[in-house]
Amino acid sequence: MIYAVIMAGGSGTRLWPLSRDARPKHLIALSGTETMLQHSVRRLVPRLHPSRIVIIGGAGYEAETRRQLCEFPAVRIVGEPLVRDSATCIGFAATLLHHADPEGVMAAMAVDHFLDPPEKFIAALLQAEEIARRHHVLVTFGVKPTFAYTQYGYIERGEPLSSETQSEFRAYRAASFREKPNKATAEEFLRQGRFYWNSGTFVWRVQDILDAIKETMPSLHAGLLRIRAAIGTADEQKVIAQEYERFAKVSIDYGVMEKSKNTAVLEWDGADCDLGTWEAVTQFQPADARGNTVLGTSCLVKAENCIVVSESDHAIGVIGVKDVVIVHSPDATLVCRRDQLGEVKELVRLLREKGLAKYL
């Protein structure tokens, strides 16, 4: 049986000032109608029963998560006592699933990253499940690049998995994982044609990912074993909290995928929607004749290719600018060149460093 694990642990610093510590990105409605969390679940339920969907994220957001998913009461909501990056998040989820279903297969995906259309994505998940069962590999979805993007890591494909060559989605052994490249390297990756964007979507048998963690991150695995032993006991929450204090902040890519020799890449040639930056607004709201995307009350004069967002009853006037992002909240405003949205995370770090945490 396949389970979908939706990782909802990030604070969403790239979506500041609307995404805050007290209200992270997945709980806000960029579309104006439903949140990333609600959208993540809704796109899965036509083929996956809600009882096979797990939301894992900060324990402090459990109540709001449950409120937003009230129409799907069977969804399992798991709270992490501390933020410890994706290796711990995935390891913890795999431990819980293995306890319930040792033969289960787990699909892990980020709450702010969608592969569309949903029907095609579900078909790819089911094929990846078969690959994971047949070959006992750790499958990652690789998006066919359409331009030389520098904000994603890349996966280099190796030899094809022989039994998958006639399937709907082509699958290969993964030859290497590459960090975010500079422009020249990204252009070379695109030219070579054997590199994919790393989507951050994975499928594997829960036993296989736990075995891989044991091999590449033994200290994490030891802590997960202690958590496993405490499941269902009076000490369960105490042990989880104690182990999380010890776990390091390490991504699953760095901690496991880049070190494992047992990885595969499934080629995805559909839409790739990263909702982690303010470019996400363009996924839900059509641009006007000048390329401007607007949410909220705004008046634009001789402005081109701008993103303007106001979540309160506050009018924004924009005159004579191009390629600018403006986001207004009641106590903070962002003004940024559109090609510099990747630096919002650095701005948030600087605000914290300057003692301005009340705005975070």
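What the table below lists for this structure:
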quantity	calculated
Any chance residue 261 is within 24 Å of the chain's Cα centre (by Cα) and loosely packed, with under 14 Cβ neighbours inside 10 Å	yes
Cβ pairs under 7 Å, 6+ apart, first in segment 122-151 and more than 21 Å from residue 175 (Cβ to Cβ), second part of a loop (DSSP other than H, G, I, E, B)	122/47; 123/168; 151/180
Matching residues, segment 318-334, being at pLDDT 95 or above and of a type in the set (D, E, K, R)	322, 323
Members of segment 238-258 found to be surrounded by fewer than 17 Cβ atoms within 10 Å (Cβ to Cβ) and touching an Asp or Glu at 6+ places or on another chain (Cβ under 7 Å), listed by number	249
Out of 261, 302, sole residue that is free of Cβ contacts under 8 Å to residues at least 12 places away in the same chain and over 20 Å from residue 146 (Cα atoms)	261
Scan of segment 3-21 for residues that are more than 25 Å from residue 92 (Cα to Cα) and touching a strand residue (DSSP E or B) at 6+ places or on another chain (Cβ under 7 Å), ordered by number	16, 17, 18
Checking residue 330 against (1) in a strand (DSSP E or B); (2) of a type outside the set (A, V, I, L, M, F, W, C); (3) more than 23 Å from the chain's Cα centre (by Cα), the condition it does not meet	(1)
Single condition residue 132 does not satisfy, out of (1) closer than 24 Å to residue 241 by Cα; (2) among the hydrophobic types (A, V, I, L, M, F, W, C); (3) part of a helix (DSSP H, G or I)	(1)
Residue match in segment 115-124 (condition: closer than 30 Å to residue 59 by Cα, assigned to a strand (DSSP E or B) and assigned by TED's automatic domain parsing to the domain that holds residue 211)	yes
Residue selected from segment 12-24 under the condition modelled with pLDDT under 85 and crowded, with 21+ Cβ neighbours inside 10 Å, by the criterion farthest from residue 45 (Cα to Cα)	13
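Rundown of residues vs (1) outside the structural domain of residue 6 (by TED's automatic domain parsing); (2) closer than 21 Å to residue 250 by Cβ; (3) modelled with pLDDT under 95; (4) surrounded by 18 or more Cβ atoms within 10 Å (Cβ to Cβ), yes/no style:
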position	(1), (2), (3), (4)
45	no, no, yes, no
51	no, no, no, no
55	no, no, no, yes
63	no, no, yes, no
69	no, no, no, yes
76	no, no, no, no
84	no, yes, yes, yes
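Yes/no matrix, rows are residues, columns are (1) within 18 Å of the chain's Cα centre (by Cα); (2) aromatic (Phe, Trp, Tyr); (3) surrounded by fewer than 17 Cβ atoms within 10 Å (Cβ to Cβ):
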position: 124; (1), (2), (3): yes, no, no
position: 134; (1), (2), (3): no, no, yes
position: 170; (1), (2), (3): no, no, no
position: 176; (1), (2), (3): no, no, yes
position: 183; (1), (2), (3): no, no, yes
position: 200; (1), (2), (3): yes, no, no
position: 210; (1), (2), (3): no, no, no
position: 236; (1), (2), (3): no, no, yes
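The values are calculated or read from the model by the stated rules, or taken from the named source; none is laboratory data. In this text the structure is predicted, and so the values were computed from the model without any measurement. Don't worry about glycine lacking a Cβ; one is built from the backbone with ideal geometry, like all the others, and counts go over all protein chains shown.
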